[in-house]
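Below: the structure, in structure tokens.
The values are calculated or read from the model by the stated rules, or taken from the named source; none is laboratory data. Note that the structure is predicted; figures quoted are calculated from it, not measured. Glycine gets a Cβ as well: all are built from the backbone with ideal geometry, and neighbour counts include every protein chain shown. Side chains included, ligands, DNA and RNA excluded: accessible areas come from the protein's heavy atoms. Shrake-Rupley method; radii C 1.70, N 1.55, O 1.52, S 1.80 Å.
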Amino acid sequence: MRRVSIEEAVGQVLAYDITEVNIVEGFKHRAYKRGHIIAADEVEHLKSLGRRSIFIEDGNSTGVHEDDAAKIGAPLIAGKNIRYDAESSEGKVSFYAEIDGLFKVDEERLFQINNIGIPSLPTIHNNMGVEKGKQVAAFRIIPLVCEQSVMDRVTEILDTPIIEIKPYVVKTAALLITGSEVYEGRIKDGFRPKLEPKLNRMGVEVIDYRIVPDEADIVTAAVQEMAAKADMLITTGGTSVDPDDITAQALLDAGVTYEMKGSQIQPGNNLTMGYYGDKPVCAIPAAALHFSATSFDILLPRILAGEKIGKRDMALLAHGGLCHFCKKCVYPICPFGRG
């Protein structure tokens, strides 16, 4: 590449993408693509973009150009169920979810790449549930050209892909509402209207729904019968510290084994997470009726992707596990539960 004045560049081949930002009309895009031959009538436009000199191709380039760096990095970064741009724009290539599922990134290797200082590989947060088409990462080198050794190091770190989307494997759920006051019709069940739409959005169908009284043997029998039908069982009510709350014990009596009883996330401290055989069982506290997002929402994408959440996972989620209680909830695009 060689730097020349705008006037000298007429008829020459542009060596990089040039960006145009228009604040009035509200856009940012690639105005000129690498390889474009600059015409005389484009000189004034280029000057309006702040260009007095530009780089042209002269056949003597050394190092790795930003477009070539993107071509090298993209296939090494992308793992299962990730697609990326066919070509870079402004030296950048973006990555997208090919399916609905759980976004996973190797955080340690992500740090190693960005710690080099030349590459830029930002991603969304690890363990976020995403929909098909969601952008999850972007890659470029920050300067126009970098040393070959930089890309050699990137290639070394990326011996296996660094990002992927894990598919949701839980497709059906059973919803068991406990509480004599609901069973007797004294109050309406508020859980189903809250929970079923969340599950449906993530591809989970509620195939069984029941309301039972606060009688341990009835709850136990319902747990066993409903868990046999669905990929996941969700129970509500009876999970607090009140002596009359019998759901947690009834789950134990039914054969549910607990990974944890209670969570360090607020709201949703009284979430109980266990398994009936290999099927996840969640006992959801009353906080889910009042708050838009609780501990259940943070854990749900991982549960649906077949991950088991243990004590250490919950302890780590305490950092960032206090909701900001915003006047207008924008979860999941917020720091709640992101570590």
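With all protein chains present, how much of the accessible area of the chain (probe radius 1.4 Å) comes from carbon and sulfur, to the nearest whole percent?
Heavy-atom surface of the chain belonging to carbon and sulfur, 1.4 Å probe: 51 percent.
In a simple Cβ point-charge model (Lys, Arg +1; Asp, Glu -1; nothing else charged), segment 193-237 has a dipole of about 300 debye relative to its Cα centre. In the distance distribution for the chain, Cα-Cα pairs more than 35 Å apart total 41 percent.
Dipole size in debye (nearest 20) for segment 222-339 around its Cα centre, Lys and Arg Cβ +1, Asp and Glu Cβ -1? Walk me through the intermediate numbers first.
Values: 10 positive and 11 negative charges, 110 e Å.
Computed about the Cα centre, the dipole is about 520 debye.
Comparing mean-square fluctuations of 272, 220, 19 from a GNM of the chain with C-alpha springs under 10 Å, the top value falls on 19.
About the Cα centre of segment 68-183, what is the dipole size in debye to 20, counting +1 per Lys and Arg Cβ and -1 per Asp and Glu Cβ, all else neutral?
The calculation lands at about 260 debye.
Using equal-weight Cα scatterers in the Debye expression, the normalised intensity of segment 1-104 in log10 at q = 0.15 Å⁻¹ is -0.74.
For the pair residue 292 and residue 48, the difference between a 0.36 nm per residue extended length and the Cα-Cα distance amounts to 83.1 nm.
Can you tell me the length gained on complete extension of the stretch residue 205 to residue 142, counting 0.36 nm per residue apart and subtracting the Cα distance? Intermediate results must be reported in sequence, preceding the final value.
Working: separation 63, 0.36 × 63 = 22.68 nm, distance 4.51 nm.
In short, 18.2 nm is gained.
Just name one of 304, 138, 50: the one whose Cα is farthest towards the positive end of the charge dipole of the chain (beta-carbon charges, Lys/Arg +1, Asp/Glu -1). After comparing all options, I get 50.
Quick one: accessible area per residue over segment 179-292, 1.4 Å probe, rounded to a whole number of Å²? Write down the numbers at each step before the final one.
Values: 5470 Å² over 114 residues.
For segment 179-292, the per-residue accessible area is 48 Å².
Nearest 5 is fine: what % of DSSP beta bridges in the chain come out antiparallel, could you say? Display every interim value, and only then the final one.
Working: 40 of 58 bridges.
The answer is about 70 percent antiparallel.
Working from label points 7 Å from Cα in the Cα-to-Cβ sense, the residue 27 to residue 114 distance is 3.1 nm. Spatially close Lys pairs in segment 86-179, defined by Cα atoms under 15 Å apart and a spacing of eight or more places or different chains, total 5. What is the Cα centroid distance between segment 139-179 and segment 269-339, reported in whole angstrom? Taking the Cα centre of each part, segment 139-179 and segment 269-339 sit 22 Å apart. On the basis of the beta-carbon distance and an R0 of 51 Å, residue 266 and residue 40 show a calculated FRET efficiency of 0.20.
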